[in-house]
Amino acid sequence: MSKSASYGEINLPLRVGIVGTGFAAKIRAQSFAAEDRTQLIAVSGRNLERTAEFAQSFNIVAVADWQTLIQMADLDLILVATINGDHGAIVRAAIESGKHTIVEYPLALDWREASEIVALAAAKKVLLHVEHIELLGGLHQTMRAWLDRVGAVYYARYSTIVPQRPTPEKWTFHRSEFGFPLIAALSRLHRFTDLFGSIESINCHNQYWGGVGDYYQTCLCNAQFRFKNNSAIGEVVYGKGAGLWQGSRKFEVHGENGGLIFDGDEGVFIQNGTTTPLDLGARKGLFARDLELVLDHLIDGKPNYVTPAASLATLRVAEAARISAETRRTVVVDTV
């Protein structure tokens, strides 16, 4: 038994229920199973057969639906790792039932709904953690460690292009279930807000091609923005699907004294004609590290590596990008 000043008395191990049976849910379940401070109890998913298989693999209870799972009296913590379009409703219900809650980003597809949920968690005095493991990764940590050597930042750009053929007819290629690209892939913008601070205004273009109904075969989203506290210009590109033919993952920062270029798993610092290779470390184990830090925060009151407020602030920028794409105009973030 332990005690946290923020959340009251905590009984250990924390009994965990998972909503979702996909890749992230499975990796999360492995982390919970390996952690002495948690005990996996139950899982619910969209497909009864997959839910049963998931439950059997972890020797836990399969629950028919998430509504039933979050009302289970023997659960202390809910992990939400299912389709983006359901995040808001599930997290709200879990918090209303008094459960501590961890959710994969985004918290919700609507910024105002997310704001209400953050306020609800504070009122209920339960943990709300929106996972942002990109902040724990080697690329981001190396960027942070070397950023001062760049000096005043002029331009920063992050591009991820993922060709996929054939395009699967699944929720990640569904407009309402996946959500607007920069909301669904919130980490792209969150890297910028974490490193450089608040974004003042944004201009965004988004396009879907192919598919039937709300399903699409290709999407491409491009946004340019200006930061509040300096004159730097940022740009983010996110694209995936059958109409893209070469993949890339590149993050670059150009400044007064040098540049940082990360291309895939390789990074360099460039200054005065000299190129210095950078070690980005391993990309594995981030979900386990995330859980360790969250439990340290919940149980021992240590600061968490990311706050709901920080995630919410980035979600507001993503909402401004969505409005910009729909209206074809530049949007000031404070007006959203």
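General remarks:
- Restricting attention to the range 131-154, the residues that are touching a residue at least 24 places away in the same chain (Cβ under 8 Å) and either over 22 Å from Ala185 (Cβ atoms) or surrounded by fewer than 17 Cβ atoms within 10 Å (Cβ to Cβ) (or both) total 10.
- Filtered by the rule that a residue be over 30 Å from Val150 (Cβ atoms), buried (at least 18 other Cβ atoms within 10 Å of the Cβ) and either out of contact with any helix residue (DSSP H, G or I) (no Cβ under 7 Å at 6 or more places or on another chain) or charged (D, E, K, R) (or both), the range 270-298 gives Val294, Leu295, His297, Leu298.
- Residue among Ser201, Ser176, Ser231 that alone is at negative phi, of a type in the set (Ser, Thr, Tyr) and buried (at least 18 other Cβ atoms within 10 Å of the Cβ): Ser201
- Test: residue in the range 212-223 that is more than 18 Å from the chain's Cα centre (by Cα), closer than 22 Å to Thr82 by Cβ and not in a loop (DSSP other than H, G, I, E, B): yes
One line per residue, one yes/no per condition, for (1) closer than 20 Å to Ile95 by Cβ; (2) not in a loop (DSSP other than H, G, I, E, B):
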residue	(1), (2)
Ser6	yes, no
Glu9	yes, yes
Arg15	yes, yes
Ile18	yes, yes
Ile27	no, yes
Phe32	yes, yes
Ala42	yes, yes
Thr51	no, yes
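- Selection within the range 234-252 - over 23 Å from Asp148 (Cβ atoms), surrounded by fewer than 20 Cβ atoms within 10 Å (Cβ to Cβ) and either charged (D, E, K, R) or without any contact (Cβ under 8 Å) to a residue 40 or more places away in the chain (or both): Gly243, Arg249
- Lys250 vs. criteria in contact with a Cys (Cβ under 7 Å, 6 or more places away or on another chain) and part of a strand (DSSP E or B): no
- Contact map, the range 261-279: first residue more than 25 Å from Gln246 (Cα to Cα) and basic (Lys, Arg), second residue at pLDDT below 95 and part of a loop (DSSP other than H, G, I, E, B), Cβ cut-off under 6 Å, separation 6 or more or different chains; the map is empty.
The values are calculated or read from the model by the stated rules, or taken from the named source; none is laboratory data. Owing to the predicted nature of the structure, the values given are computational and were not obtained by experimental measurement. No Cβ is skipped: glycine too gets one built from the backbone with ideal geometry, and neighbour counts run over all protein chains shown.
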